[in-house]
Structures are given as C-alpha cells and as structure tokens.
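A quick write-up on the structure given underneath.
The values are calculated or read from the model by the stated rules, or taken from the named source; none is laboratory data. Remember, it's a predicted structure, so these values are computed and weren't measured experimentally. Backbone-built Cβ (ideal geometry, glycine too); neighbour counts: all protein chains shown.
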Amino acid sequence: MRRPIAPAVLMAGCLALTGCGGSADGGDAAPDLSVQSAYMRQPVTDSLAAGYLTVVNKSDSSDDLVSATSDIAEDVTVHETSGQKMKEASSLEIPAGGRLVLGSGGNHLMFEKLKRRPKEGETVSVELRFTKTDPITVEMPVKSVTYQPTSSKSSSTSSSSHH
Ligand code: CU
C-alpha cells in the first residue's frame, strides 16, 4: 500500500492556515462588549426565574444578543416586555456606542425549567451568545426577592413629580 498523503500537500495546508491569521480587511471594527450590573432576584417559584444585566458596546459596530444558557436551567430565553406582556425575542440589539439594558419591568433573561432554585447569596453562571462577539460568561449574583438595583432607580434621591 502506498501512503496517499504527500508532504507537499501538508505544507500547503499549514501555509493556508497561517495566512488566515490576519484580519485586516478594512471593515467595521469588531464589537467591544462588556456586561455590567448583572443580578437575579431569588425566584418565588420552583420553575421560573428572571435575570437582569446591562451590555455595554464601546465600539462603532452593533451586535445582537441572540441567546443564553445556564447550568441552573434547561432553557434560558431572551424576553422583551411590551405593555404588560412579555414575549420571547429572537434577538436584542446592542447599538454601536450604546447599551442594551435588561432591567426589571423590561427586557430580561428568562430561566425556565429550573434544575435547582437559586437562593440569595448564591451566584448563577450564564453564558450570553451574540451574533458577532464570542460568548461572554456572566456570574450573576442572586439577590433578595425584593431587591432593587441602586444604580437604575435611586430611591433615596428620587425626584417627586408632584409638589
Ligand atoms: Cu419573561
């Protein structure tokens, strides 16, 4: 039997792979995403939990949050709230130079078919998937059932709308 692989072919393969390394094609800069203010309220049921976070995009290129996974739930879906109802979103845009806010009463991550019920003080790991950016893993602290983030709603300095 003759060996079918010639060294010259292997060599050409290596060169082709190395040639792919540079990505200077002059297009948009890659999105530069970071995640802030992630938290989950301790769920009140055994089956469902909602998670909140903010994705900040520091680049000139927009991206989309398309899905998420977590070790505590069989399903994690991206939900948007319109009016009083929430529904699954196929994707949520993180605008160039902007942010995508998942917050109480608005967009959120929905953890369904919980494998275990997270308790206050624990941390839940969530992997976020995007159209362009590599997945980002977020450690989401579990807060009390009534937790309100201080950053988005500062209750102590709230300006009352009536006098
Ligand atoms: Cu929901």
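Here are a few things to note about the model shown:
- Among the residues of the range 99-117, those that are more than 16 Å from the ligand (Cβ to nearest atom) and over 15 Å from the mean Cα position of the chain (by Cα) comprise Lys115, Arg116, Arg117.
- In the range 67-81 there is no residue that is more than 14 Å from Lys115 (Cα to Cα), modelled with pLDDT of 95 or more and more than 16 Å from the ligand (Cβ to nearest atom).
- Residue match in the range 83-99 (condition: in contact (Cβ under 8 Å) with a residue 40 or more places away in the chain and over 18 Å from Leu33 (Cα atoms)): no
- Ala38 vs. criteria among the aliphatic types (A, V, I, L, M), more than 15 Å from the ligand (Cβ to nearest atom) and touching a Gly at 6+ places or on another chain (Cβ under 8 Å): yes
- Going through (1) modelled with pLDDT under 95; (2) within 14 Å of the ligand (Cβ to nearest atom) one by one, Asp46 falls short only on (2).
- Those strands (runs of 3 or more DSSP E) of the range 42-136 in which 3 or more residues are at positive phi and surrounded by fewer than 17 Cβ atoms within 10 Å (Cβ to Cβ) are absent.
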